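Quick notes on the structure that follows.
The values are calculated or read from the model by the stated rules, or taken from the named source; none is laboratory data. Predicted, not measured: the structure shown is a model, and the values here were computed from it. Heads up, the Cβs are rebuilt from the backbone with ideal geometry, glycines too, and the neighbour counts pull from every protein chain shown. With ligands, DNA and RNA removed, areas are computed over all heavy atoms of the protein, side chains included. Shrake-Rupley method; radii C 1.70, N 1.55, O 1.52, S 1.80 Å.
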Amino acid sequence: MDTLDRKAEEPYEPYAALGLGGPRDTPFVKYKHPRIDNVWALTLTAVLFILLYSAQDVVPVIRLPHDVGSPALPAAEFDWYALETSKEVNWTSCYDGHLCARLLLPLDYLSSDADGPTTAIALRMIPAPSRGTADYRGTVLVNPGGPGGSGTNLVERAGANISRIVGHSFDVLGFDPRGTGASTPRVECFASPGERDIWKTQVGHQFLNASDHTLGIYRAREQVVAAKCEQAIGGELGIARFMSTASVATDMVKITEELGQEKLHYWGFSYGSILGQYFAAMYPDKVARVIIDGVYDGDNYRGALWNSNLADMEAVMDSLFSYCHQAGPLRCALYESTPDKIRDRYFRVLDRLARNPVAVPLAEPPAVLTRKALITQLFASSYKPLASYGTVVDTIRAIETRNQTTLTALARKIVDPTECSCSSGVLPWLAENDAFNAIACGDGEEHPYDPEYYAKYYDALVKDSPHGGPIWAVHYLQCAEWRVRPQWRYTGPLAAADTAHPLLLISPRYDPVCPLRDALAVRERYPGAGLLVQNSHGHCSLSAPSLCTAKHVRAYMEDGTLPEEGTVCEADELPFVGSVSDVRALSVDERELLEAMRGLSAVVPMFGGL
Ligand SMILES: *[C@@H]1O[C@H](CO)[C@@H](O)[C@H](O)[C@H]1NC(C)=O
Ligand SMILES: *[C@@H]1O[C@H](CO)[C@@H](O)[C@H](O)[C@H]1NC(C)=O
Ligand SMILES: *[C@@H]1O[C@H](CO)[C@@H](O)[C@H](O)[C@H]1NC(C)=O
Ligand SMILES: *[C@@H]1O[C@H](CO)[C@@H](O)[C@H](O)[C@H]1NC(C)=O
């Protein structure tokens, strides 16, 4: 298997590396493995702005949840369900200086009945500091991926940082796609969060393998979910029938119009790149700015195939070993004289676990650390190496040294903890839901399960990524068993030659689940679109802070400028290694921008239910 180190010796030619032929004229900037000395050969433009989030004129209205008996409710949590719904956006102050509303939109866009059933879409906005001045340019809608991720929660976790990046001219608005988050009705097939937790723990300690008994178990599990959902939310007016991406793209048109804007400004991550592709294909004349970041091939998505994703997964996993090596023994406790030796050491521990899982009796809840648990940890960490690779190393060290104190503390992070209580206190709008199936499988073409096809499918996926394949292969089964069909599905080409403004695609060079190859394929379908490659490992650009990327995002949003063909942005911080930019050379504003980017590295979008 390739190691990152070997790749670092090679020139950076993504097209060639992917066997896709070269770009027409301008070659990509040559890849150099990030090094401390030459990262800052960039000309830096200082953009001055101050965030005025002081809530002087916006007194937050904090309504306490009705169920004050529930001990886990944070005292200052905003009660979405107490917020009145309305057919026009009616802002209420919420959280700290933010604005919230619940907008009623038609449940069924194919129905001509103006008084027909509606769905309430939750909106949470950080108003632009420039509102009311000549600098104000409108509202950037954001989508955090999933499918099924909550945009209002993205604003909670990362809104201030995103707001700083897009600049003071823009509001940042997170909305919960229909059926998800605080939007109602919710796409919920389980009777309670507790029932869902118990169901999840039953999955056991074995990965899905298409050539052994686990296949039957995984299939039967998806049959259970599909049947429960069909019963709970698949009826005549069941929400699962109205959650297609076509409907969500149309909701974005309505939200934009409600805000008094003709066209959409948008930054979508991961599945948000699918939503962006649908939007641009369905409403090309409504594109003011559309950034899709961490790009999944819309055609593969709509085939409900989920098999173009893992092309670079192993490269991202391997980067743990090369960054560890690059950082040296003081910064990485698994350090060895070569990345390959670190890799061997990691997998030696995993091979031992395969035979002898580690008991962690004092963890709460008690846990057994299996090979599956650790591969899953590495898989999840590959989305956000900067924020998570340290924990992977800590875990391996603790197993090597049999340090129960550390393992007890880490177990909750490794094994999904199930709370032992009937009311877990999770706020209803933050609880897990079944949106992934309803959206992705509903959007997708139907493909009933075929054992021969699936055996080949599984092998090919595992070939792409021996460690990620067994995890990812479940998606195909989810959709093969799914029964509810959407009332409306977009089936036209996921392409547009005539968007009102060109799209901007952003792709990390090595994204574990949205490979650069997909971004290149999508770009061909939206002629004129720009492509910014960020030379980093992780899911979407947010997973690694890059001032260069932030400036391209700002320039595109403000002026519509696309990066030059072949632009590659370096990351300013690497796993284990730490900062690789000379902070002293930065202006105050650049430092703040970088600080905002850092805040995002742990908040990368979800994808595939992670
Ligand atoms: C807007 O919301 C407020 C409460 O937050 C309510 O009193 C008012 O009636 C609403 N207005 C409309 C037009 O719905
Ligand atoms: C699946 O099971 C077969 C047969 O036991 C085994 O040879 C193969 O390595 C397994 N595949 C994976 C990805 O674990
Ligand atoms: C376990 O790890 C912790 C944290 O690194 C350390 O403080 C402690 O001394 C270790 N315990 C043993 C028995 O090595
Ligand atoms: C963004 O994230 C950082 C964490 O790096 C945080 O300290 C900062 O205050 C956040 N907000 C803004 C506006 O950048």
Fill in: Extreme residue, positive dipole direction of segment 312-413, given options 381, 324, 409 (C-beta unit charges)
409
Response to the item:
Given 316-324, 126-134, 407-415, the highest-first ranking by average Cβ count within 10 Å works out to 316-324, 407-415, 126-134
Worksheet item: For the chain, how big is Rg over Rh, using alpha carbon atoms and the Kirkwood form of Rh?
Response: 0.94
Worksheet item: Charges only on Cβ, +1 for Lys and Arg, -1 for Asp and Glu: so what's the dipole of the chain about the Cα centre, in debye to the nearest 20?
Response: 1120
Worksheet item: Do you know the relative contact order of the chain, to the nearest whole percent, from alpha carbon pairs under 8 angstrom that are 6+ apart?
Response: 19
Discussion item. Can you give me the long-range amide H partners of residue 532? Hydrogens built in the peptide plane at 1.01 Å from N, cutoff under 5 Å, separation of 5 or more residues or another chain.
Written reply: 505, 506, 507
Practice prompt. Averaging sequence separations of C-alpha pairs under 8 Å and six or more residues apart, then dividing by the length of segment 312-413, give the relative contact order as a whole percent.
Written response: 25
Response to the item:
In Å, the C-alpha Rg and Dmax of segment 412-478 are 16.5, 45
Worksheet item: What Kirkwood radius, in Å to one decimal, follows from the Cα pairs of segment 312-413?
Response: 13.7
Fill in: Full-stretch length increase - residue 259, residue 456 - with 0.36 nm per residue and alpha-carbon distance subtracted
66.0 nm
Worksheet item: Separation between the residue 104 and residue 592 pseudo-spin-labels, each 7 Å from Cα along Cα→Cβ, expressed in nm?
Response: 4.2
Item to complete: Using packing as a proxy for protection, rank 494-505, 190-201, 262-273 so that the peptide with the highest average count of other Cβ atoms within 10 Å comes first.
Response: 262-273, 494-505, 190-201
Response to the item:
Charge dipole of the chain built from unit charges on the beta carbon (Lys, Arg +1; Asp, Glu -1), centred at mean Cα; most positive-end Cα among 229, 601, 252 is 601
Response to the item:
One finds, for residue 217 and residue 585 with R0 = 60 angstrom and r their Cβ-Cβ distance, a FRET efficiency to the nearest 0.05 of 0.60
Worksheet item: If packing is taken as the mean number of other Cβ atoms within 10 Å per residue, what is the order of 173-186, 391-404, highest first?
Response: 173-186, 391-404
Response to the item:
From DSSP H assignment alone, runs of 4+ in the chain each adding -39500 (n - 2.57), the sum over residues rounded to the nearest 500 puts [θ] at 222 nm at -11000 deg cm²/dmol
Discussion item. Accessible area per residue for the chain in Å², computed with a 1.4 Å probe and the full protein assembly in place, what is it?
Written reply: 40
Item to complete: Could you tell me what percent of the DSSP beta bridges with both partners in the chain are antiparallel, to the nearest 5?
Response: 40
Practice prompt. Quick one: which residues, 5 or more positions from residue 607 or on another chain, have an amide H under 5 Å from its amide H? H modelled 1.01 Å from N in the peptide plane, none for Pro or chain starts.
Written response: 146
Discussion item. Quick one: the Cα spread of segment 230-375 along its three principal axes, in angstroms, biggest first?
Written reply: 58, 42, 29
